[in-house]
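Enquirer: Starting off with a structure, shown below.
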Amino acid sequence: MQSFVVTLLTCSISMSVISLLYVAITPLLARRYSAKSRYYAWLIIVVGLVIPFRPQLSNSVVEIVTTETATPAIYVGNGTTAINPIQNAGFTSTSFSVSWWQIALIIWLVGVVVFLAYQAVMHYRFIKTSKRWSEVITNKRDLALLEGLKSEMGLSNQIDFLQCDSVGSPMLVGVFKPRLLLPKGDFRRDELYFILKHELVHYKRKDLWYKCLVMAATAIHWFNPIVYLITRAIDVLCEMSCDDEVIGNTGTDMRLHYSEAIIGVVKYQTRLKTAFSTNFYGGKNGMKKRIFSIMDTGKKRVGVALLCTVLLLTIGVGAAFATSSHSNAISVDTSNVEEIKELLSGLDEYSALGELNVTGAINAGKGLGYSMNNGEIVCLYNEGYSWMLAEGQEVNVSLEIKGDGTQSAINVGYICVDNLTGEYQTAILANSLQIVEKYSFDFIAPLDGEYYFFFANFSAGKFQLNFFEVTIFNSPIDFLVAEDEHIIPVLSGKTYVDLTHGGSVEADDNNISVYQLFTNSTEITVSIPNGENGSGTIYLYAIDGENEVNNILEFALDSKNTTKTFTGLTSSRNYYINAVGFDDVRITVSD
Amino acid sequence: MEKLQKLPDAEFEVMKVVWTNEPPITTNLIMEQLGNTKGWKAQTVVTLLLRLVERGYLSKERRGREGLYFPLIGRDEYLQFETDNFVKQYHDNSFLALVNTLFKDKNLTDKDISEIDKLLQKTKERRD
């Protein structure tokens, strides 16, 4: 469902861009192309809005690599939590709280329902009122005129013909059962001729169906202000192209008559509605433009080229966006290739293979199929970063691959770099994965450090990497013993959280919460966000060698002093934070 | 007078008869022109008429045994009320309404129209 939200948004945005472009060049187009082709070009855009899905191209035209920037919200329970809350280290942004797309989906659905309900109620009211005030037209002259026009235009369906006092303009209502409504008034025969012809052209062209589609598009994209602009533009073009069809290729005389007929009806209606004269935006100018357009005898082209361009843009740009958002899930980042090569070259199993063919590093995520060629090695990243693990932590790696059966030598393993010494170790988790789709491996982290997972395809065929997930269990710090009464007596079974890249933890305590963090900087800032109440003491300390605690820094935080920066730290090493005495407070940590 | 309220269908039907006839209106007249075709009882018509009196649409006088009703709200007045309240807000300002109108009504002021009129005249003259 997340991909649906993303698809919908990308569709909304890409179609908005196309629409704005289209609106921007409309003055130019209006000179060359007929209103009809411009009207139907919009239809393509509307269909593009209603159906957000596009054909997926295998290679994206626009490659946009985005990594999630949302700060992971991690809520840590009290010390008794058996399983580490960081279950999906690869998906911290979606793991705990309700994710953004679920909220977005609900808001969107509510919006669609409210919008449609509102439109339905208004339409129902309108129909009800107009029915009240309608009388079937029995005037022979009018009926004959309608029948004559119908057969002239090749229409045989029953169209109800009514005089309705509650409408201000002649109109066609009813998608399934068409009704033609005339306002109160004595229309001259020639006026009535044009009025009826205008409405019958609408009927013949199925403009109400088009309107339904526009309504659907607006309902789906209700949150996008640009669709309302589109709706308006289409409405104007609908009338203009209808006018064109009414007058066809006739000369100036007919055009004048037609203009006069429209103005005549407008005048008559305005006289009836005495007091009411809100000057609706575009009213006058819109009408002027329309008259100019009717009087314009210049030949306009049927814009096949225009229609094709809009069609290609609608499909093409959408597909480009669609693909790039798809590649978002597992993206190749080649900037780390050299680093990975260097790391992998130390691996005995691979050194025999000579030059390593490392193609890049991919962000682990809900993979939608990263295709791996033979001879390719990729390194997996956790949203652009390696994983920070502490010695003794139990780690589970689950993955899903899909091959064609020719695979025999697909390796998966990890490289870990020691935080303190910079030395690294490598390990192979599996040597020859076959085509079985799902695998799961457990291992215990051998050292405190930075972990990279890699895939190598030494088989003859290609395969798809569909899913990759790292889950980290248990905390490594229950052996810590205090050596100073200021520090916490015993730290057992506490929680490990990788706060390397910022984040927040919940200090829920009469007890003690302990968090491990690894920093690349010499500063760590701890703060209580605005609006949170609570006070307590923060201890920050480092651990060297055999569980020796040193570098103890402490600071009291409360509603007055909400932030503290610990400076002078050694970068690239593990620190531990204790939050003592807080009562359900969220603490943010950043480096 | 109290603010107008939208009439339910039955009361509206009664008012339609009231408007098409010269006052005073009697129960018998309503029965003849509407009640019989609808299959209403005389009592129903009386109730409807009294409700309309209550709402301020009719006034009632007593002459002998018969009640005479006079309209207080004209047809056009009520039409104006209904259209302003239930029609205008829908299709005037909405480009979404599922109707195809000849023009967006009530958008133009008299001044606008005379301006457009002049424009048409000019076109005509230029041609002649």
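Enquirer: Any residue that is at the interface with chain B (Cβ under 10 Å from one of its Cβ atoms), within 39 Å of the chain's Cα centre (by Cα), more than 24 Å from B:Asp84 (Cα to Cα) and at pLDDT 85 or above - is there at least one of those in segment A:163-174?
Expert: no
Enquirer: Restricting attention to segment A:288-303, which residues are modelled with pLDDT of 75 or more and not in a loop (DSSP other than H, G, I, E, B)?
Expert: A:Lys288, A:Lys289, A:Arg290, A:Ile291, A:Phe292, A:Ser293, A:Ile294, A:Met295
Enquirer: Which residue pairs have Cβ atoms closer than 8 Å, lie 6 or more positions apart in sequence or on different chains, and pair a first residue in segment A:192-208 that is facing chain B (nearest Cβ under 7 Å) and surrounded by fewer than 24 Cβ atoms within 10 Å (Cβ to Cβ) with a second residue that is of a type in the set (Val, Ile, Thr) and not in a helix (DSSP H, G or I)?
Expert: A:Leu208/A:Val175; A:Leu208/B:Val99
Enquirer: When you go through (1) modelled with pLDDT of 90 or more; (2) crowded, with 16+ Cβ neighbours inside 10 Å; (3) within 14 Å of chain B (Cβ to nearest Cβ) one by one for A:Ala117, which number turns out not to apply?
Expert: So A:Ala117 meets the others, but not (2).
Enquirer: Another one. So A:Phe126 fits all but one of (1) at the interface with another protein chain (Cβ under 10 Å from one of its Cβ atoms); (2) closer than 20 Å to A:Val246 by Cβ; (3) part of a helix (DSSP H, G or I); (4) under 46 Å from the mean Cα position of the chain (by Cα); what number is the exception?
Expert: It fails just one condition, (2).
Enquirer: If the requirement is being within 26 Å of A:Tyr268 (Cβ to Cβ) and either touching a Cys at 6+ places or on another chain (Cβ under 9 Å) or at pLDDT below 85 (or both), which of these qualifies: A:Asp160, A:Asp186, A:Asp142?
Expert: Values: A:Asp160 fails: either touching a Cys at 6+ places or on another chain (Cβ under 9 Å) or at pLDDT below 85 (or both); A:Asp142 fails: either touching a Cys at 6+ places or on another chain (Cβ under 9 Å) or at pLDDT below 85 (or both).
Of the residues listed, the single one that is within 26 Å of A:Tyr268 (Cβ to Cβ) and either touching a Cys at 6+ places or on another chain (Cβ under 9 Å) or at pLDDT below 85 (or both) is A:Asp186.
Enquirer: Looking at (1) at pLDDT 85 or above; (2) polar (S, T, N, Q); (3) over 17 Å from the mean Cα position of the chain (by Cα), can you tell me which one B:Thr20 breaks?
Expert: So the condition that B:Thr20 fails would be (3).
Enquirer: Of the residues in segment A:432-481, how many are closer than 20 Å to A:Glu391 by Cα, surrounded by fewer than 16 Cβ atoms within 10 Å (Cβ to Cβ) and modelled with pLDDT under 75?
Expert: Counting residues in segment A:432-481 that are closer than 20 Å to A:Glu391 by Cα, surrounded by fewer than 16 Cβ atoms within 10 Å (Cβ to Cβ) and modelled with pLDDT under 75 gives 3.
Enquirer: Considering B:Gly35, B:Gly64, which residue is at positive phi and either at pLDDT 85 or above or away from chain A (no Cβ under 14 Å) (or both)?
Expert: Numbers: B:Gly35 fails: at positive phi.
The unique qualifying residue is B:Gly64.
Enquirer: Is it fair to say A:Ser259 is under 25 Å from A:Met295 (Cα atoms), facing another protein chain (nearest Cβ under 9 Å) and assigned to a loop (DSSP other than H, G, I, E, B)? Break it down stepwise before answering.
Expert: Values: under 25 Å from A:Met295 (Cα atoms): yes; facing another protein chain (nearest Cβ under 9 Å): yes; assigned to a loop (DSSP other than H, G, I, E, B): no.
Spelling it out, it is not the case that A:Ser259 is under 25 Å from A:Met295 (Cα atoms), facing another protein chain (nearest Cβ under 9 Å) and assigned to a loop (DSSP other than H, G, I, E, B).
Enquirer: Would it be correct to say that A:Asp253 is farther than 30 Å from A:Leu29 by Cα and either within 14 Å of chain B (Cβ to nearest Cβ) or at pLDDT below 70 (or both)? Write out each step before concluding.
Expert: Working: farther than 30 Å from A:Leu29 by Cα: no; either within 14 Å of chain B (Cβ to nearest Cβ) or at pLDDT below 70 (or both): yes.
No, not satisfied.
Enquirer: Tell me which of these B:Trp19 doesn't satisfy, since it passes every other one: (1) in contact with a Pro (Cβ under 6 Å, 6 or more places away or on another chain); (2) within 26 Å of A:Ser134 (Cβ to Cβ).
Expert: Every condition holds for B:Trp19 apart from (1).
Enquirer: Would you pick out the residues in segment B:1-57 that are of a type in the set (Asp, Glu), surrounded by fewer than 16 Cβ atoms within 10 Å (Cβ to Cβ) and farther than 13 Å from B:Pro71 by Cβ?
Expert: Passing the criteria: B:Glu2, B:Asp9, B:Glu32, B:Glu54.
Enquirer: Here are A:Ile262, A:Ile220: which of them is surrounded by 20 or more Cβ atoms within 10 Å (Cβ to Cβ), at pLDDT 90 or above and more than 21 Å from A:Thr26 (Cβ to Cβ)? Please lay out each step first, then the result.
Expert: On the way: A:Ile262 fails: at pLDDT 90 or above.
None of the other options fit; the residue is A:Ile220.
The values are calculated or read from the model by the stated rules, or taken from the named source; none is laboratory data. Owing to the predicted nature of the structure, the values given are computational and were not obtained by experimental measurement. All Cβ positions, glycine included, derive from the backbone under ideal geometry; neighbour counts span all protein chains shown.
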